1. Being away from chain B (no Cβ under 14 Å), at pLDDT below 85 and in a loop (DSSP other than H, G, I, E, B): is that true of C:Thr21 here?
2. Scan the range A:106-120 residue by residue and report those that are more than 7 Å from every other protein chain (Cβ to nearest Cβ) and within 19 Å of B:Ser260 (Cα to Cα).
3. Residues in the range B:214-233: is at least one among the hydroxyl-bearing types (Ser, Thr, Tyr), within 14 Å of chain C (Cβ to nearest Cβ), assigned to a helix (DSSP H, G or I) and in contact with a Gly (Cβ under 8 Å, 6 or more places away or on another chain)?
4. Does A:Arg149 qualify as being at negative phi and either touching a helix residue (DSSP H, G or I) at 6+ places or on another chain (Cβ under 6 Å) or within 14 Å of another protein chain (Cβ to nearest Cβ) (or both)?
5. So which of A:Phe243, A:Phe260, A:Phe271 ends up being surrounded by fewer than 16 Cβ atoms within 10 Å (Cβ to Cβ) and at pLDDT 80 or above?
6. Here are A:Val92, A:Val54, A:Val97, A:Val58: which of them is within 9 Å of another protein chain (Cβ to nearest Cβ) and of a type outside the set (S, T, N, Q)?
7. Looking at the range B:124-142, I want the residues that are within 8 Å of chain C (Cβ to nearest Cβ) and part of a loop (DSSP other than H, G, I, E, B) and have a partner that is among the basic types (Lys, Arg) and surrounded by fewer than 14 Cβ atoms within 10 Å (Cβ to Cβ) with Cβ atoms under 9 Å, at least 6 apart or on another chain. Which pairs are those?
8. Evaluate the following for C:Gly246: is it modelled with pLDDT of 85 or more and under 14 Å from C:Tyr367 (Cα atoms)?
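The values are calculated or read from the model by the stated rules, or taken from the named source; none is laboratory data. Remember, predicted model here, so these are calculated numbers, not experimental data. Cβ: placed from backbone, ideal geometry, glycine included. Neighbour counts: every protein chain shown.
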Amino acid sequence: MDYLYHILIIALIYSIFAQSLNLELGFTGLYNFGHIAFFGIGAYASALLSLSGVPIPVAALIAIGLAGIAGAFLALPTLRLSGDYFGIATLVFAEMVHLLFLNERDITRGPMGLPNIPRPDWIGTGVTSLPLLLAVVFFAAAVTFILLRIITNSPFGRSLKVIREDEFVAQALGKNTFLIKTKAIVTGSAFAGLAGVLWAHYITYISPSDFTLQETILVLLCIVLGGKGTHWGPVIGAFSIIFFAEFIRFIPIPSEYTRFVAPLQGMIYGFILVIMMLKRPQGLISESRGQRTTNA
Amino acid sequence: MTGYYTQLIVNGIVAGSIYALFAVGLAMVYGVFKFINFSHGELITWGGYLALMFSSPPIALPLYLAVIPALLLTVGIGLAQDCFVFRPLRQSNPISILIASIGLSYLLRNGIRLFWGSDLQSFNLPLSTGIIFGDIYITRIQILMVLSALLFFSILYFLLTRTLLGKSLRAVSDNIELSSIMGINMRKVTWTIWILASVFAGSGGILLALDTSLDPMMGMNSLIKAFAAVLLGGAGNIWGALVGGLFIGITENLSVAFISPDYKDFISYGLIFILLLIKPRGFFGIAGGVR
Amino acid sequence: MKKFVFSTIAILFLISAGRVTAGDISVGSVTPLTGKLAVYGEGFQQAMLLAADEINAAGGIKGNSFKIVFEDNNSTSKGSVSAIRKLITIDKLPLIFGPASSSNFLAVCPIAEDNKIVLLAAESAAASISKCGSYVFRVFPSDLLQGVGVAELTKSLGYKEVVLTYVNNDWGVGLAEVFKTEFTAAGGKIIDELPHAEGKTDYRSEILRMKSQHPKAIVNLTYIKEGATILKQAYEMGLKVQWLMGSASKSAKLIDLAGKASEGVIGTYPTFSQETPQYKSFKAAWEKKYPGKKTPVFGEYNYDMVKLTALALESASSNSSDDIREALLKVSKGYIGTTGDKSFDENGDVNASYGQWTIKDGKISDYK
């Protein structure tokens, strides 16, 4: 049962993370390849603050705020860049943040990572804490889902989609596209920060190797698989990917062959991705269907 | 002390010419098909591993011969990428192509792990002290790396400017629809691009492997630098890729003299970031196209 | 979506139900089979399997066959946490071999401790693991011992000033810190200190910076691949110094990769005699099972860990983790494995004496 709680918690945290990127990538059309940086900033900020004695809820709020501010910091200079350039700039940004985590040893303990990240007393640390943790994470995921749904269905959300389809049209309609895109990135980054906070206090140990390009790619897959630009897409994508990864553990294989399993699993994983793009690029649920359900 | 800086610059040029070899294929693919090919890194890795396979038992060809089948197979992989994945996706939206290339990269990288294992491998070449010019040390392989880069870029220059194929290639990168209407053989152009990209990446991979060692992540590790070189030089511009590659190689190597090597990558990334902000279109300010 | 989740859960449990067959005694292992540590993971796994085969050939445990359930951790802490949770709650295993790399090990420590699962380590060296808790043991000595060992080696060779370089990860940084404290406390001076990134192919600029200090000796605490690359490139660049290294680079693979550039390297390692009957029988068994393959780094430790576990399982009064823990403490007292005395102290650590290795004529031998 523990294990199921664990997978559910991880999947929910990833669903928050995926939803936050979906706001930028799916709804606004911004190829942010550096989203993991904000997840990491949230995790590190909350961990460091709570380790130095700041009450956890306060630390969490500050961390989310910091992730949002970091988002603005990234957005202001880079949003002038066009599509692919923006993608590379964000990728480079994430690598730089990763190097800071790794090398600012006086603050982050570098590659040693931060162990013993505290949890609120009422949750505790033992096995019994898992259902409570699940409840907290579920609550956070639900809040994220509802807030992002409200945002994307608002007039602001519709301007995001106009920008995605054609930025010049949006400008012609008198929209300040720069401001709107900045808002989208700040919001997305703050929610990524929330996912990072939950991650840090759930695992209770973080190190720079948790926040690499690999994770960005994973969360990108969650969105694309589920269906980008939809509300349920990233959630379904995150659950499918996390459950699939865990499911593979249960295929019985003699231990002499286990060394072939991992590469084969990777190959299948890659293959599925390519096939998805060739046969069903819109993801498991498509945006138009998502639209209809929201209009109904 | 000047010897120290000169040596750093020389090292930078060596590293940079390899980055440039990787970057040029990316740049050409980007210039014509307008997408970033993540699986480009895997052409690098496969090139290196295939050369190892053909030069070690049971085939055991001499290295200079082993390079030929290795590059041919790398080209085969490159063409297969296009034929099975990127061509069917040509009309799709950019993000689908991007994800497909990520998937392909994952597939190919794990293929390496399946056949050769995750352990690192090397071509057991005889080791020798580098050739000394004054205070500067440089190994034969490093000289070979720089010379190959020069040779490859010269051939490419000749091909693009002096041959009909090259001219059609440039026309296609300017406007793909118009060119096909004008009767340019699209298939031929597409093939040329993938063959060139694969040969450049494969050769770069073999040289890198000769210089150091082979592991399944070697392509992926070089890829961000190559991306950066492409971006710096102006996407789609092969000369830009050369200059961008050299620039990144030299900057990151020189930076070690002044700051902790921890931040070697940080400096080159930071520079990319700043340069992009000043010149959002790269060094050459060209909107795209293969030049 | 609900349907999907439920069917997945149903399949999970269906498969897991058939997993643990009666008559088997199983333990778990979180092993890096993919990701950056996979280079080492395969060797660990082979060494563990070798020990398991021998245990089964000798009649298993209390007449049952002995089995290790391997879980991959993708060399990440996230993967390690998932893997250990699966081993604990689905396979319900009372004893688990923890992941390599101290940062991954530290991520799973609290989980084992909270669930009262015995956790063993065969290659995680970080000093902080000693404080993990009462269910955590390791057959590999802590960094504290090795850092002191390297400092002593440097002093004994008469080097007062050295350049220090280390691989920028948990192991390298941890070891370098201990070395620095020990060496400077004994009056040594560190002229320049520079970490090098993990997994690079080009360290020439770093080497150049070391060279510009004109050191007589360089302390290089690093792994095999990084070590080999640095030695090779330093040789090519005409840097002639005495290299002093740690235990993680003591491998035939280093010689394979670096060739004659590795000649003359001196290093420390948690010593165990290769002349003992235990080691000889391990070596013979290894060569029989994996002909032509060299013994992997820390392979002996993994082998000992499994052997010791089997003894504990044999003598434990039940298969509960508390009984196994008791038994483990008891059987370890005075147990001599291939890597020497494995008696656990109150922190679950073992003691070790540090030997010195060197590379001479393309072979690793003891430095005298």
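1. yes
2. A:Asp106, A:Ile107, A:Thr108, A:Arg109
3. yes
4. no
5. A:Phe271
6. Numbers: A:Val54 fails: within 9 Å of another protein chain (Cβ to nearest Cβ); A:Val97 fails: within 9 Å of another protein chain (Cβ to nearest Cβ); A:Val58 fails: within 9 Å of another protein chain (Cβ to nearest Cβ).
Only one candidate qualifies: A:Val92.
7. B:Ser128/B:Arg140; B:Gly130/B:Arg140
8. no
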